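Quick one: the structure is below, questions incoming.
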Amino acid sequence: MTAINRSGWGPGTFRGSRSLAALTCGALAAGALAAGGVAALTPEAASASSHREAPLISGQPQFDNTDVYAFVSPDKPDTTTLVANWLPFEDPAGGPNFYKFATDAQYDIHIDSNGDAQGDLLYRWTFKEHLKNDKTFLYNTGPVTSLDDPDLNFTQTYDIDLLRLKDQKVASTHKIADDVPVAPSNVGKASMPDYSVLRKQAVHQLPSGLTTFAGQADDPFFLDLRVFDLLYGGDLSEVGNDTLKGYNVNTLALQVPTHYIQQSAEQPVVGIWSTTQRKSASGHWTQVSRLGMPLVNEVVLPLKDKDKFNASSPWNDADFLPSVTNPELPKLIEGIYKIKAPAEPRNDLVSVFLTGVKDLNQPPGVKPAEALRLNTSIKPTAEPKRLGVLDGDNAGFPNGRRLTDDVLDIALQVVEGELVGSKNDLGDAVDANDAKFEASFPYVALPTAGSRGPTAEGATARNALNGGAGLSSSSDDNRTLLIASAGGAVAGVLLIATALTWWRRRRRTTSYI
């Protein structure tokens, strides 16, 4: 599906049939975009599903949830896979201190098994870091071929604790993983010639049929965010680019037998969200990030509530209900792009974002709360449709969230009234992720390598240091060429010195005339 043009769209304003959709998509992603406030847009304000969405953690990416996914495992349908990402916008070449999980954080995934907006199970990840040699600046001191390679200078390990909760009090705690190694950042092919081997070694089987992974991955969210470039400078002919292409995130993934998290076979809907807790200087833990449904904190909540939402709990989400039933975004789109906003209150958005859809993924007696809601009894499909339930694929968003679900297009169409009679085909013209997802756990794509130039293609380090000049494969020839180059440089210096001497003498002679 591609973005479409709509009435009220003046060809003299912007170019390209996808312009309207791209701009509305951008407005959706921007969230805080104020009507008439185009001049206030800056790239620093960019946010994706939950990338840099709140002021408090925008400068602390280790604590920043970006996205949560939950789906029935396509190759193991008796299990459910949970994926949560942190550290948005990782530049793959961002060394020498690459991307690590915080050791003063608790990374949590919550499971609500009965729809009361309170967690019944909590999976908690905590991390340690290990340094072999602090007398070098290098992340790795040679090619790394395994997770226990002595050349991998910096490593992390993690524990997972399972907390069973009753009325938000801990009823029991059980350690289910101990000192499991983390997949490192993908420095580049010179350092990690076959990163897929490291990925496989970071996938661990746990007792009771669980599987775990922690490490770097390609950011699976896909959309076009370039609206922040001054609304494309008035030229939208190049919309449809995945602006998260090439960026990585840090991923936690856990595959659990589905019956572990269900209330029962008769009540198979679970609510899922993630949080981050940060340890203060006094030793207390404070929740600083929270994410379940994509885009809620970005485009539904106003700036004044974003940090408050991140510190809040789902059972208190009534505090934010007016932002859902009377959303800003449709009015913003109407003001700028002349698409009439659906009538309020928006109960259709409540069902999609807060309660689950009746007869699909709404548990009995549900309490409205911002969480992914997954009906685990719906089997995965062999050919997922990117628009999920909107396109008749009930195994997709908003019934949980798969990696391939185009949640931005879905959310945009729903916000603009798809479920209340305002049929539309809006989208950002980015329909799929740039990197291919894996067919098995953890399913996320391999991270983009930090080095993708000639060295990554197999050239020698000496070639690279020589600016890519075509050195002979013979070491003797290389030395000859290097000596010749050095000799040429010396000759050049002497030539310049001689010329300066001649010029000064000539100047003195000339001044006596």
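The values are calculated or read from the model by the stated rules, or taken from the named source; none is laboratory data. Quick caveat, the model's predicted, so the values are computed rather than measured. So basically every Cβ, Gly included, is an ideal-geometry build from the backbone, and we count neighbours across all protein chains shown. Ligands, DNA and RNA are excluded from the accessible area calculation, which covers all protein heavy atoms including side chains. Shrake-Rupley method; radii C 1.70, N 1.55, O 1.52, S 1.80 Å.
Express the relative contact order of the stretch 263-314 as a whole percentage, based on alpha carbon pairs under 8 Å and six or more residues apart in sequence. Each step should come with its number before you reach the end.
Working: 48 pairs, mean separation 14.9, N = 52.
Computed over the stretch 263-314, the figure is 29 percent.
Something else about it: Enumerate the amide H contacts of Ser289 below 5 Å, restricted to partners 5 or more residues apart or on another chain; note that Pro and chain-start residues carry no placed amide H.
Amide H to amide H, under 5 Å and 5 or more residues apart or across chains, Ser289 pairs with Thr276.
For a quick check: with amide H placed at 1.01 Å from N, whose amide H comes under 5 Å from Glu90's, ignoring anything fewer than 5 positions away on the same chain?
Amide H neighbours of Glu90: Asn248.
Let me ask something else about it. Residues with amide H under 5 Å of Ala445's amide H, sequence separation 5 or more or different chain, H placed in the peptide plane at 1.01 Å from N; which?
Residues meeting the amide H criterion: Asp218, Glu438.
Just report the Cα centroid separation between the stretch 362-410 and the stretch 106-168, whole Å.
28
For the stretch 274-406, with all protein chains present and a 1.4 Å probe, just round the carbon and sulfur fraction of the accessible area to a whole percent.
In the stretch 274-406, the share of accessible area belonging to carbon and sulfur is 54 percent.
Would you check the accessible area of Tyr247, probe 1.4 Å, heavy atoms only, in square angstrom rounded to 10?
Here the residue's solvent-accessible area equals roughly 80 Å².
Dipole size in debye (nearest 20) for the stretch 125-278 around its Cα centre, Lys and Arg Cβ +1, Asp and Glu Cβ -1?
On the way: 13 positive and 19 negative charges, 99 e Å.
Using Cβ point charges on Lys, Arg, Asp and Glu, the stretch 125-278 gives about 480 debye.
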